[in-house]
Amino acid sequence: GGGAGATAGSRFPLEAQDADLGPNSLQSYELSGDEHFSLAVQAGPGGDQRPELVLAKALDREEAAFHELVLRAMDGGDPARTGTARIRVTVLDANDNAPVFSQAEYTVRVPEDLPVGSVVVSVTAKDADEGQNGQVKYSFHKISDRESELFRLDAESGKITVEDGLDFEEMSSHELEVQVTDDGGLTDHCEVQIDILDENDNVPEITIISLSSPMPEDAPVGTVVALLKVRDRDSGENGQVSCELSGEITILSLSSPVPEDAPVGTVVALLKVRDRDSGENGQVSSQAVVFRMCWYANTSGSSETCTCQGPFYSSGNSQGSAGMQGAYPGAVLPVSARHSLRESM
């Protein structure tokens with residue numbers, strides 16, 4: 001068999017025997033069968049001929065694992081006699097091939113609610129060498145600290161799995177560099193891009209930005225009283241929102257006069273502002289607005305006044321809601337609006 005790592009010019013001695021002597025003994029040799037090998041014949045001390053198989057061209061096991069040769073030996077008799085030997089050269093493997101990924105780039109798209117433990121993608125590489133020389137292991141070559149918490153790479157199979165919850169809003173894509181190494185330290189690299197698909201997993205957020213103050217008691221219907229900010233961290237259709245009054249309005253006392261002896265803080269109305277996004281299985285948020293009895297300040301002249309505290313919303317021209325419509329932070333209302341309201345978030 002051929003030696004691993006044999007180079008051109010390497011020599012391998014051959015041997016043939018002829019029982020005859022003198023001119024009838026071995027006289028010449030011929031080799032046929034493969035361009036990788038040639039024949040050299042050296043003269044021995046006693047004048048005998050010693051054949052050697054010479055490696056004329058470097059071997060490559062991945063190109064040809066075997067080489068078949070025919071050696072002929074001829075004597076000097078008349079007629080000449082020949083002997084034939086078949087030579088089978090087995091090429092031993094050397095770790096001369098680096099592993100190669102099946103793809104230079106892998107691109108996958110996965111939902112952000114992919115369960116932990118799920119396989120995101122499998123990378124594969126092949127090494128043309130055989131046996132231990134062809135064994136490979138996978139590892140991350142470049143990866144951030146956060147991504148090392150999110151993803152796990154199996155060194156034997158090349159499977160990348162989810163180790164922690166993905167979040168489109170935190171990072172919408174991940175670019176990883178994976179390395180494969182064989183037993184001799186030869187390597188290859190590939191890029192893995194993981195695009196995260198947004199799911200409708202965030203509820204809209206409602207924030208009161210500003211309030212009109214002061215506002216006269218007789219402000220017309222339609223007057224802007226408050227500015228709300230609505231934000232949905234989801235993207236696309238999942239992040240499109242619409243606001244509405246939910247209809248969950250509980251009026252406890254506005255349809256009739258609130259008793260003058262009602263204690264401060266009595267709830268007289270409950271209102272909810274609701275926001276729904278446009279995504280599949282739309283997420284809903286609501287902001288509760290609770291209106292309570294305000295406290296009374298000192299009288300001024302012949303008119304009683306009260307000071308209302310907290311942000312308020314205009315309720316339009318609903319019956320019995322004059323106090324609610326005209327109330328605003330720090331407003332001083334006449335006795336006609338004595339059943340005014342205070343909001344508590």
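The values are calculated or read from the model by the stated rules, or taken from the named source; none is laboratory data. Only a predicted model underlies this, so the values are computations on that prediction, with no experimental measurement involved. So basically every Cβ, Gly included, is an ideal-geometry build from the backbone, and we count neighbours across all protein chains shown.
Observations
- Within region 41-53, considering residues that are hydrophobic (A, V, I, L, M, F, W, C) and exposed (fewer than 15 other Cβ atoms within 10 Å of the Cβ), the one nearest to V89 (Cα to Cα): V41
- Some residue of region 102-122 being in contact with a Lys or Arg (Cβ under 9 Å, 6 or more places away or on another chain), among the acidic types (D, E), in contact (Cβ under 8 Å) with a residue 24 or more places away in the chain and in a loop (DSSP other than H, G, I, E, B): no
- Test set (1) under 15 Å from E15 (Cα atoms); (2) of a type outside the set (V, I, T); (3) surrounded by 17 or more Cβ atoms within 10 Å (Cβ to Cβ) - H36 fails condition number: (1)
- Qualifying positions in region 129-150 - without any contact (Cβ under 8 Å) to a residue 40 or more places away in the chain and not in a loop (DSSP other than H, G, I, E, B): G131, F140, K142, D145, R146, E147, S148, E149, L150
- Top-ranked residue in region 66-105 [being acidic (D, E) and at pLDDT 90 or above; ranked as nearest to the chain's Cα centre (by Cα)]: E105
- Qualifying residue in region 74-97 (condition: among the polar types (S, T, N, Q), in contact (Cβ under 8 Å) with a residue 60 or more places away in the chain and in a loop (DSSP other than H, G, I, E, B)): yes
- Within region 40-64, the residues that satisfy the criterion of being at pLDDT 80 or above and within 17 Å of D75 (Cβ to Cβ) are V41, R50, P51.
- Hits in region 117-146 - residues which are among the aliphatic types (A, V, I, L, M), within 20 Å of M171 (Cβ to Cβ) and modelled with pLDDT of 95 or more: V119, V120, V121
- Taken together, the residues in region 160-196 that are buried (at least 21 other Cβ atoms within 10 Å of the Cβ) and of a type in the set (D, E, K, R) amount to 1.
- Among the conditions (1) of a type outside the set (V, I, T); (2) in contact (Cβ under 8 Å) with a residue 40 or more places away in the chain; (3) over 28 Å from V230 (Cβ atoms), the only one that H174 does not satisfy is (2).
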